There are 2 protein chains.
Amino acid sequence: MKPKITLKDIARELDVSISTVSKALKNSAEISKDTKDKIKAFAKFYNYRPNNIALSLKNKRTKNIGVIIPDIVHHFFTTVFRGIEKYANEKGYNVIVCISDESNEKEVINMEMLANGSIDGFILSLSAETQLKNEYTHLKELLDQGIPIVLFDRVTSEIECDKVVLNDAEIACEAVGHFIKAGSKRIALVTTEKYFNVSENRRIGYLDALKVHNFKVDENLILTLSHDMENDMLITEFFQNNKVDAVLCVNEIFAIQCMSIIQELGFNVPNDISIIGFTDGILSRFSVPRLSTVAQHGELMGETAAKLLIDRMEWLDEVEEPFKTEVINATLIKRGSSIN
Amino acid sequence: MKPKITLKDIARELDVSISTVSKALKNSAEISKDTKDKIKAFAKFYNYRPNNIALSLKNKRTKNIGVIIPDIVHHFFTTVFRGIEKYANEKGYNVIVCISDESNEKEVINMEMLANGSIDGFILSLSAETQLKNEYTHLKELLDQGIPIVLFDRVTSEIECDKVVLNDAEIACEAVGHFIKAGSKRIALVTTEKYFNVSENRRIGYLDALKVHNFKVDENLILTLSHDMENDMLITEFFQNNKVDAVLCVNEIFAIQCMSIIQELGFNVPNDISIIGFTDGILSRFSVPRLSTVAQHGELMGETAAKLLIDRMEWLDEVEEPFKTEVINATLIKRGSSIN
DNA sequence: TATCAACACGAAACCGTTTTCGTAATAATT
DNA sequence: AATTATTACGAAAACGGTTTCGTGTTGATA
């Protein structure tokens, strides 16, 4: 057991002052070559590393980023996290993750916890409950305290800060357009409650596409599912009661569930019913047939968010940049579950 | 913009000493009720919160746990992480995650980075490269410095510390036994390179089961795949060239890949060939037919690891507990991809 | 009236750094 | 020889807390 060595230890052993040791290790011109060599050798031998906590206290920056995500088991958030971690690490930052579990309270508690010095900035995607309650005072307070925040994916216009979003409406429109070009007539949308900005945007894109192609909107063709319940019965009834030849689902799970039920009901995918989902995750790649889907480029999204945050943190004292919203362009990946 | 308030600020405003403020906020009996009330009210009004960094420096404990995992996109690690985060959070700890990306170098760098004061202890699963090179000096050094470590899943006997593992051999044996009871005669194993302790243990379980039931081992029925390559060709050839009626795969992806190729080759799952995988992830639950699999209880594993670590950290000064190895009992989940 | 608790608070050390500033000792200049 | 510049280092403050110990002021006791 050899505990960590400090500047003080080195100073005592070598009979110099702490300041001298500190300067010597930073190769200061103030210190003679002899002394520097001696100190460096000693430090190297005992594997001296400066204490991060002491540095943080002194510099008033921790080189830690707080990441708050609603759920890590969702593939999309996992990939975004991957992107954040990768970029942050390259830039010498560490990442502290908290999972809000879609709960507003957890989101608030975790952020307040971390805000007391543990991190230099936040990257987060709003919890479902936060979006539902439209409650953003915790974010406002942190911004007020000068802590930079980057929102991604689940964002809100109530808060002014850097953001990274997907062109949800546009890509949903493109997906529906793709159905229409392939000859689909009755196109369904399977979505979540509309307080999610992303679902709402995808719905808008869906409606836009119908309008552009002079399709009449049939509200019966929009199925709203909750993300935390057993939806199998609802889906089954939906496809039994409605004649449908194409479905756009706002996430991968819904898409896979629909495909599985559609197949059980005796329809052929994609000949009877085409399916396109969101998130190019593992499910989409390994299903039969493989799922056509909207790739959200989560990793890029994460990197972009991290870059936005780190840039702002590192320029904070120098210039006052206006807030940016970066738009990630989704890609429609055509695979076996849709025609052509 | 109202920056964070400190003890010093309160002391100045209220014309008392810093010590008085500190004691008042901790409700010390040393301070008169009047003064305490005044200080508490002021602190509350300005939303005073002690600075975590200063506390860490003083207390020599950060209440942060470092988690190093090889890969976060793998469902198993994600769930373990979930368990760690959950338990740690309940106990007031934050989690700093680094992804080693199966690289020994990254593992070493990240751990050294965090070890300089940022965390109180580590939870990790060894990277592939670390297991391949059998290089554990970084772990030994940290343990030497008095930093507690808990290894999970990918562990090694070279290091003495707390560990959490799955009863891999046992459950693999049980899975193969299940095949045999259902009448399978030619049982294959699809696995990874054997320097992974987990794959090796599953292989041992597979061999044990064969031996117990007086089956001859046919090395041709063991297919070794690399985890980062395109394996489709290898799998296809394997099932074309070998008569097989059951397959145990050491992970979910291999299982799904095998199932998909087996079906393409015109075999019926499970009638012609039964399949059991490892990891009860999203893939297993949504495949057609649903995949029989070994549930590894990742979340429980994570919680157990976090509990082991936190217990050790909090008792560190008091007693010297011997190291423990907790074994998580996997569960065989029988679904559509295997008979009976 | 001198002595002594009890009370209420402040000074200062400490955690491990960095950094500014002051100052001996030596060397260079006039 | 007196002054100045340079070199090489140390003292101390600062970051934001906690905690030990000391101390001035009361009120009670002998």
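The values are calculated or read from the model by the stated rules, or taken from the named source; none is laboratory data. Keep in mind it's a predicted model, so treat the numbers as computed, not measured. All Cβ positions, glycine included, derive from the backbone under ideal geometry; neighbour counts span all protein chains shown. Side chains included, ligands, DNA and RNA excluded: accessible areas come from the protein's heavy atoms. Shrake-Rupley method; radii C 1.70, N 1.55, O 1.52, S 1.80 Å.
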Shape metrics for the protein assembly as shown, restricted to C-alpha atoms - Rg then Dmax, Å
28.3, 87
So if I take the centroid of the Cα atoms in the range B:199-260 and the same for the range B:151-188, what is the distance between those two points in Å?
14 Å
Could you give me the ³J(HN,Hα) list for the range A:146-161, computed from phi with Karplus coefficients 6.51, -1.76, 1.60 and θ = phi - 60°, whole Hz, x at Gly and Pro?
x, 8, x, 10, 10, 9, 9, 6, 8, 10, 8, 7, 5, 10, 9, 6
Find the accessible area per residue for the range B:246-340; the probe is 1.4 Å, ligands and nucleic acids are left out, and the unit is Å².
42 Å²
Does anyone have the angle between helix A:252-264 and the longest principal axis of chain A? Alpha-carbon axes, 0 to 90°, nearest 10?
30 degrees
Mind listing the label-point distances from A:Lys33 to the same position on all other copies, shortest first, one decimal in nm, points 7 Å along Cα→Cβ?
7.2
A correct Stokes-Einstein calculation for the range B:42-149, using the alpha-carbon Kirkwood radius, 25 °C and 0.890 mPa s, returns a whole-number D in µm² s⁻¹ of 163 µm²/s
Could you list which residues have their amide H under 5 Å from that of A:Ser274, counting only those 5 or more apart in sequence or on another chain, with H placed in the peptide plane?
A:Ala246, A:Val247
Counting only DSSP loop positions in the range B:231-340, the GluC sites (Glu not before Pro) whose Cβ has at most 12 other Cβ atoms within 10 Å are B:Glu318, B:Glu320
Among the residues of the range A:254-285, which ones have their accessible area go down by 50 Å² or more when all the protein chains sit together, as opposed to their chain alone (1.4 Å probe)?
A:Ile282, A:Leu283
Of the accessible area of the range B:89-166, with the probe set at 1.4 angstrom, what percent is carbon plus sulfur?
44 percent
Under the 7 Å Cα-to-Cβ spin-label approximation, B:Asp15 and A:Leu55 lie apart by a distance in nanometres of 4.4 nm
In terms of modelled amide H atoms, which long-range or inter-chain residues lie less than 5 Å from the amide H of A:Leu223?
A:Leu189, A:Val190, A:Thr191
Any idea what angle helix A:298-315 forms with the longest principal axis of chain A, computed on alpha-carbon atoms, 0 to 90 degrees, nearest 10?
40 degrees
Probe 1.4 Å, heavy atoms of protein chains only: per residue, the accessible area of the range A:1-158 in Å² is 46 Å²
Within straight cross-link reach of B:Lys33, meaning Cα distance under 22 Å, which lysines are found once same-chain residues fewer than 8 apart are removed?
B:Lys8, B:Lys23, B:Lys44
What relative contact order, as a whole-number percentage, does the range A:7-50 give when Cα pairs under 8 Å and 6 or more residues apart are counted?
31 percent
Mean residue ellipticity (222 nm) of chain B, computed from DSSP H runs ≥ 4 via -39,500 (n - 2.57), nearest 500:
-14000 deg cm²/dmol
Only counting protein heavy atoms at a 1.4 Å probe, give the residues of the range A:98-133, ordered by number, whose accessible area falls by 50 Å² or more when the other protein chains are present relative to the chain alone.
A:Ile99, A:Met113, A:Asn116
Once amide H atoms are built 1.01 Å from N in the peptide plane, which residues 5 or more positions from A:Asn94, or in another chain, come under 5 Å H to H?
A:Asn64, A:Ile65
Relative contact order (percent, whole number), chain A, Cα cutoff 8 Å, 6+ residue spacing:
18 percent
Mean separation of Cα contacts under 8 Å (6+ apart) over length of the range A:77-211, as relative contact order %
18 percent
Rounded to the nearest percent, how much of the accessible area of the range B:168-296 (1.4 Å probe, protein heavy atoms only) is carbon and sulfur?
50 percent
Under the convention of a label 7 Å out along Cα→Cβ, give the distances in nm from A:Lys243 to the same position in every other copy, shortest first.
5.2
Inter-label distance for B:Ser32 and B:Asp144, nm, one decimal - labels placed 7 Å from Cα along Cα-to-Cβ
5.7 nm
With a 1.4 Å probe on protein heavy atoms only, work out how much accessible surface A and B bury together, total over both chains, in Å² to the nearest 100.
4700 Å²
Carbon plus sulfur, as percent of the 1.4 Å-probe accessible area of the range B:7-50, comes to 51 percent
Looking at the range A:46-74, residues buried by 50 Å² or more relative to their chain on its own, accessible surface at probe 1.4 Å, turn out to be A:Asn52, A:Ile53, A:Leu57, A:Ile72, A:Val73
DSSP beta bridges in chain A [antiparallel fraction, %, rounded to 5]:
10 percent
In nm to one decimal, list the spacings between the B:Lys140 label point and its equivalents in the other copies, with label points set 7 Å along Cα to Cβ, shortest first.
5.8
